[in-house]
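Can you read through this structure? Questions will come right after.
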Amino acid sequence: MSAEDRDTAVSKFMSYVLRHAPQEAGLEIDSQGWVAFSDLATAVSARFDVGKDELLRIVDESPKKRFTLSGERIRAAQGHSVAVDVGLAPQMPPKTLYHGTQADKIAAIMVAGLLKMERQHVHLSIDPETAKTVARRRRGQSAILKIDAERMHSDGGVFFLSENGVWLTETVKPDYISPLTETEI
């Protein structure tokens, strides 16, 4: 396994245990999603050959900035399926936000809207390029949805901005969604 592949595997493992299954790494996260960095480092080193300094480098160099460090604690910035309150205050969103998904999901989304599913929030991107990157991680042909965040907010929709720049909301009704064509992306 190359160093880059190992860093990716470590990051994915950390995301998994900090967002969804802390018990699988012997971790207990608090009500705000925090865990002692040393406890996480012990869990990661049991699975991968990574020391604390290397783990800090992986967190620091992560282009997606999925993790937040505070003193001797670490947590996932967003994306939790376990109940946590990361303490984000409602924010005024930009006029338009974007969501990357699979093309075969568009018909269902246009009926039910964007739902948080097992997560605490729907994740939205500031630009179509970022949404496209997110969509590519899913299987199948990707599609980008344009969200009228300004109108949704004026209608009472609540938005949060995570520390790594991901916009979050509870749900997005179909009235605020329009699929983008390839020429618009």
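Being within 19 Å of His121 (Cα to Cα) and in contact with a strand residue (DSSP E or B) (Cβ under 8 Å, 6 or more places away or on another chain): is that true of Ser31 here?
Here the answer is no, as Ser31 does not meet what is asked.
Also, I was wondering about something else. Could you grab me the full set of residues in the range 29-69 that are among the small types (Gly, Ala, Ser) and within 19 Å of the chain's Cα centre (by Cα)?
Once the filter is applied, which keeps residues that are among the small types (Gly, Ala, Ser) and within 19 Å of the chain's Cα centre (by Cα), the range 29-69 yields Ser31, Gly33, Ser62.
Can I ask one more? Hand me the list of strands (runs of 3 or more DSSP E) wholly inside the range 59-159 holding 2 or more residues that are without any contact (Cβ under 8 Å) to a residue 24 or more places away in the chain and under 21 Å from Gly33 (Cα atoms).
none
Inside the range 1-58, can you point out the residues that are of a type outside the set (Gly, Ala, Ser), in contact (Cβ under 8 Å) with a residue 40 or more places away in the chain, in a helix (DSSP H, G or I) and over 19 Å from Ala83 (Cα atoms)?
Scanning the range 1-58 gives Arg6, Asp7, Val10, Leu55, Ile58.
May I ask you to list the residues in the range 139-185 that are among the charged types (D, E, K, R) and under 24 Å from Asp85 (Cα atoms)? Reasoning before the result, please.
Quick first cut of the range 139-185, residues among the charged types (D, E, K, R) only: 139, 146, 148, 150-151, 155, 163, 170, 173, 175, 182, 184.
Selection gives Glu163, Glu170, Lys173.
Let me ask another. Would you point out the residue of the range 128-161, among those that are modelled with pLDDT of 90 or more and within 25 Å of Arg75 (Cα to Cα), that is surrounded by the fewest Cβ atoms within 10 Å (Cβ to Cβ)?
Result: Val158.
For Val44, all conditions in the list (1) under 19 Å from Ser70 (Cα atoms); (2) modelled with pLDDT under 90 hold save one; what is the number of the exception?
It fails just one condition, (2).
Looking at the range 159-185, which of its residues are more than 23 Å from Lys65 (Cα to Cα) and of a type in the set (A, V, I, L, M, F, W, C)?
The answer is Val172, Ile177, Leu180, Ile185.
Still on this structure, I have one more. Filter the range 42-68 for residues that are among the small types (Gly, Ala, Ser) and more than 22 Å from Ser2 (Cβ to Cβ) and give the result.
Ala43
Among the residues in the range 91-108, are any farther than 26 Å from Ser62 by Cβ and crowded, with 20+ Cβ neighbours inside 10 Å?
Quick first cut of the range 91-108, residues farther than 26 Å from Ser62 by Cβ only: 92, 95-96, 103-108.
Filter once more, so that each one left must be crowded, with 20+ Cβ neighbours inside 10 Å: none.
No: the range 91-108 contains no residue that is farther than 26 Å from Ser62 by Cβ and crowded, with 20+ Cβ neighbours inside 10 Å.
Moving to a separate point now. Hey, among Val111, Val172, Val122, which residue is touching a Gly at 6+ places or on another chain (Cβ under 6 Å) and either surrounded by 14 or more Cβ atoms within 10 Å (Cβ to Cβ) or outside the structural domain of Lys64 (by TED's automatic domain parsing) (or both)?
Every option except Val172 fails the conditions.
The values are calculated or read from the model by the stated rules, or taken from the named source; none is laboratory data. Quick caveat: nothing in here was measured; it's all calculated off a predicted structure. Heads up, the Cβs are rebuilt from the backbone with ideal geometry, glycines too, and the neighbour counts pull from every protein chain shown.
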